[in-house]
1. Tell me, which strands (runs of 3 or more DSSP E) wholly within the stretch 273-371 include 2 or more residues that are touching a Lys or Arg at 6+ places or on another chain (Cβ under 7 Å) and not acidic (Asp, Glu)?
2. For the subset of the stretch 36-56 comprising residues that are exposed (fewer than 14 other Cβ atoms within 10 Å of the Cβ) and closer than 19 Å to Gly96 by Cα, which member is nearest to the chain's Cα centre (by Cα)?
3. Using the structure shown, decide if Lys152 is within 28 Å of Lys190 (Cα to Cα), surrounded by 15 or more Cβ atoms within 10 Å (Cβ to Cβ) and of a type in the set (D, E, K, R).
4. Quick one: would you say Arg153 is under 29 Å from Lys87 (Cβ atoms) and assigned to a helix (DSSP H, G or I)?
5. When you go through (1) loosely packed, with under 15 Cβ neighbours inside 10 Å; (2) assigned to a helix (DSSP H, G or I) one by one for Arg174, which number turns out not to apply?
6. For the subset of the stretch 57-78 comprising residues that are without any contact (Cβ under 8 Å) to a residue 40 or more places away in the chain and surrounded by 16 or more Cβ atoms within 10 Å (Cβ to Cβ), which member is nearest to the chain's Cα centre (by Cα)?
7. Considering only residues that are within 28 Å of the chain's Cα centre (by Cα) and among the charged types (D, E, K, R), which ones fall in the stretch 185-203?
Amino acid sequence: MESKRGSRLIRHKRISLGLLASAVIAAWSPAGWAADPFVVKDIRVEGLQRVEPGTVFGYLPVRVGETFTDDKGADAIRALYNTGFFKDVQIRAEDGVLVVQVEERPAISQLEFVGIKEFDKDTLRRSLRAVGVAEARYYDKALIDKAEQELKRQYVARGYYAADVQTTVTPVDRNRVSVVFNVEEGPVAKIKQINIVGNKAFKESTLRDEMQLSTPNWLSWYTKNDLYSKQKLTADLEALRSYYLNRGYLEFAIESTQVSITPDKKDIYLTLNIKEGDQYKVSDIRLAGELLGKQEEMEKLLQLKKGDIFSSEKLTGSTKAITDLLGTYGYAFTTINPQPQIDQEKREVALTLMVDPGRRVYVRRVNVVGNSKTRDEVVRREMRQMESSWFDSEKLQQSQARINRTGYFTDTNITTEDVPARPTRSM
C-alpha cells in the first residue's frame, strides 16, 4: 500500500462535463481510507512554469506548523482548480512535508483568424478578450467554445446567418498553444419582403417609409438597411407606435412579429401584425396641481386643444414647454404627469396635466469638467447662468449655445445635481 511507503496522495481529475468543482476527491489511501491528520513541517510546490508559488500558497488553507486534514486537502484542490490556471492538481505528504504537484494549463501563444473579410481583426480580438480569450491568457476549451459563439453572434448581427466558425488548436513549445479561428462567412442574408398585417387607416407603403429596415434598393450598399437587425427592428416598432399615437390611435398595439429565413439563409421575410384601434379626439385638457399663479402662461403653451385629434408628440411638447417655463423661474426639477380619461364609446380622451414644480433652487456652484486643453475661464465667460443666483433653464440653454459657438468642443452637456446638505440649492 502507498501509505506504507510514506507517501499519501489526493488526486482530483477534471470531468469532461465540467462538474469538477463538486466531484468527489479521492482518499489519501486505497479503498477510500482516510489519512490521519498531520502537522505540516514544510510546504513544497512542484510543476510551476508561469504561475508564481505565492499564488498557490495563497489558496492553501493550511500553513507550516498547522494540522493538515482531508477536508483541507479537498478545499485546496478545489480552490486551485477554480483559478483556471491548472488542469491537474495532486497533493501528497512525505514525512510531514506537504507537496503540491500541479500541471499548468497551456497558455495561448497566438490568436489568428482565417477567412475573415467582414470584420477588422483587431476589433475581433478586443471582443474575444471580453469573453476571456486573448494571447498570453490560459487556454480553456470552454472559453474557446464561448469565443466561437461570440464570433457567430457578430456575423449574425451583420446578416451573415450562414457563417461557420471552426477552431484549430495546435500545441507549440513551452506548454503553449496556437489558436486559429477558421471562418466561412457565406452569403449575407437580405430582407426579401416586409409585410404589415392589420393596417386599415394607412397604406402599407406609408408605414414602411417610417421604418429603417427595408428591402434592397439603390442606397442599400450605404445604409445597410436591407440587413436584418434586432436592434433596428425594435427601433422600427417604436417608430410605428409613435406614428399611430401622434395621429390619435391610443389603442394601437403590435400583436406579434415574425422573422423567417429561407433554407439557404440568403433571404429574410419580416411580418408585423398590428392592431390599430380607433382614432381619438381630445374632449378636454386642463392643468392641475401647483400652478404657482402661472396658469394663464401655462395654458398658452398647450399644443393640444379641445376637439383636436390626440397626438402624443404634441402632448410631450406641451409638458416640455411648461417644464421649461417653470425652469426660468428657478424650478429645476419640475415633473408633469399627464392623466388621460378615455371614453371608448365617444372615442374621446380628456387630459389632466398634474404639475409638480418641486422646490425653487438656486445655483451654488458651476463646475467645468472634460476640458483638457481649454481653461475654465474660457468656458465660464460664456455662461449666462451665474453662481448664487436662481436657477434659470433659459439662461442655461443660452450658455450651452454660446459654448458650442466657440468651436473648442465637440460636445457640450449641462446637467444639474441636488446638493444633499442644502436642499434649496442646485448644481
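1. The qualifying strands (runs of 3 or more DSSP E) are 281-289.
2. Checking each candidate, the answer is Glu46.
3. Taking the combined requirement at face value, the residue satisfies it.
4. yes
5. Exception for Arg174: condition (2).
6. My answer is Tyr59.
7. Correct list: Glu185, Lys190.
Conditions tested, residue by residue: (1) of a type in the set (Val, Ile, Thr); (2) more than 16 Å from Gln193 (Cα to Cα); (3) part of a loop (DSSP other than H, G, I, E, B).
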residue: Lys232; (1), (2), (3): no, no, no
residue: Ala239; (1), (2), (3): no, yes, no
residue: Tyr243; (1), (2), (3): no, yes, no
residue: Glu251; (1), (2), (3): no, yes, yes
residue: Glu255; (1), (2), (3): no, yes, no
residue: Pro263; (1), (2), (3): no, no, yes
residue: Thr271; (1), (2), (3): yes, no, no
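The values are calculated or read from the model by the stated rules, or taken from the named source; none is laboratory data. Note that this is a predicted model, so its numbers are computed, not measured. Quick reminder, even Gly has a Cβ in these numbers, built from the backbone with ideal geometry, and neighbours come from all protein chains shown.
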